[in-house]
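What follows is a set of notes on a single structure, which appears directly below.
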Amino acid sequence: MEEYHPRTYGEAFADVYDEWYSGVTDTAACVAAVARLAGGGPVLEMGAGTGRLALPLAAAGADVWALDASQAMLTTLVAKPGGERVRPLLGDMARPPLRSGAGFSVVLCAFNSLFNLPDAAEQRLCLQAAAGLLAPAGRLIVETSLPGTGHEPGETEGIATEPGEFQVDSVDVRAIESDRVVLSAWQHDPVSQNIRGQMIDITAAGIRLRPWQLHYRTAPQLDAAARDAGLELVERWADWQGGRFDPVLSTEQIALYRRRR
């Protein structure tokens, strides 16, 4: 895990991402909301992966740019039906290979993509870059899970209380098939707000480790980082249907930001 880079997740999960994670977002509601907010203007998805959202957005008529640090993820995306409608961009979310002032109507960071960046400094760079890429009336949309709701691993387990004092919170069985077992193991440091884990994919051919990590933020912390990046909160939803956000009960958020006036 010491050599974890922005591209690590994509390279590890590209071949199984569609199988394991196709349902993590309400795709139809997300596409409808993003298309409405874009109003016919261009959309940039940061951390687009294999096109889980970029492809249906393009199929709905949006001009979609898909940024990902993993060539394996983008190769999978463009090989799919409709992949020719999406403009793939290879690059780090914190340092996108686009000039400031590109004028996107929507910049989208879906399901915890922002939290895949390793620390607050990298996340701030990503937010600053997104602010610079927005059109004057554009929106940055950030979808994340929320800490403290039981949504993240280890929330109800005995966990570390000092920075760096990691302990294994849990090992779960994710799948058992006739020729395959998939296990998930993670460690959680609630002080540094870091979770790191491995999906352990065991087949007759051998064992493959698929590492992942999150540096999660609370809603107020995310808002503060956005303000530092020159953004301000417009609204916050509990889901892609625009449901009312409850700071106590909601397990996820869709936060909409605009450039600070």
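Each value in this text was obtained by applying a stated rule to the coordinates, not by laboratory testing. No experiment lies behind these values; they were computed from the predicted model shown. Ideal geometry is used to build each Cβ from the backbone, glycine not excepted, and the neighbour counts take in all protein chains shown.
What to note about this one:
- The chain - mean residue ellipticity at 222 nm from DSSP helices (-39,500 (n - 2.57) per run, n ≥ 4, rounded to 500): -6500 deg cm²/dmol
- Dipole magnitude of the chain, debye to nearest 20 (Cβ charges: Lys/Arg +1, Asp/Glu -1, about Cα centre): 1300
- Projected area, mean over directions - the chain, Cα convex hull, nm²: 14.0
- Short to long, the 5 Å bins of the Cα pair-distance histogram for the stretch 187-245 hold 4, 14, 13, 14, 14, 15, 10, 6, 5, 3, 0 percent of all pairs.
- Tensor-based shape of the stretch 35-136 (alpha-carbon gyration tensor, a/c under 1.5 rounded, otherwise prolate or oblate): oblate
- Student exercise, the stretch 168-214 dipole from Lys, Arg, Asp, Glu Cβ charges, in Debye to nearest 20: 140
- Rounded to 5, percent antiparallel among DSSP beta bridges of the chain: 70
- Scanning the chain for long hydrophobic helices, with DSSP H runs required to stretch 15 angstrom or more by C-alpha along their axis and to average at least 1.6 on the Kyte-Doolittle scale, returns 27-38.
- Whole-angstrom gap from the stretch 114-133 to the stretch 1-67, using each part's C-alpha centre: 17
- Length gained on full extension, residue 171 to residue 18, computed as 0.36 nm times the residue gap minus the Cα-Cα distance: 52.8 nm.
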